[in-house]
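Below is one structure; the comments refer to it alone.
The values are calculated or read from the model by the stated rules, or taken from the named source; none is laboratory data. Not measured: the values here are computed from a predicted model. Only protein heavy atoms, including side chains, enter the accessible area calculation; ligands, DNA and RNA are left aside. Shrake-Rupley method; radii C 1.70, N 1.55, O 1.52, S 1.80 Å.
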Amino acid sequence: MIAETVCSAVSAAGLGIAAVTAFRRRFLAATRIAAYSLVPIGLVMTGVVGWLADTAFSPTAWAGFGLLGCAWVLFATTRAVERRRGGTRKERRAAARAAEGGAV
């Protein structure tokens, strides 16, 4: 409720600033300001602001973000260990060539 009110106020203020800018005959800048000022009210109308507010105060969502972080750390760790075991690029290529030559 508060987020929607704040977004509406920001949009109204932005449109007022755009009107003043247009009055000063800076039409391109006024159009750009009007476009930026319509973004917050558009986000409210699409429901993005409500979704973000629900997510920010949800312990379940934060636990999910924590699990995603843990998964990322595990992927990065296994990748680092895999690279460390492989040796240098020349050694890996030599091992691959030896495996190809021995199999044929």
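Given [x] 70; [y] 50; [z] 41 as candidate values of percent of Cα pairs over 19 Å apart, which corresponds to the one derived from the coordinates?
[x]
For ILE33, tell me the accessible area in Å² from a 1.4 Å probe, rounded to the nearest 10.
Accessible area of ILE33: about 50 Å².
Which helices, counted as full DSSP H runs in the chain, have an axial Cα extent of no less than 18 Å and a Kyte-Doolittle average of 1.6 or above? Don't skip to the end; give the middle numbers.
Values: long enough: 2-23 (32 Å, 1.64); 27-46 (28 Å, 1.53); 59-85 (39 Å, 0.32); 89-103 (21 Å, -1.26).
Answer set is 2-23.
Please build a GNM for the chain, connecting alpha carbons under 10 Å apart, and tell me which residue among THR60, THR77, THR88 fluctuates the most.
Among THR60, THR77, THR88, the largest mean-square fluctuation in the Gaussian network model of the chain belongs to THR88.
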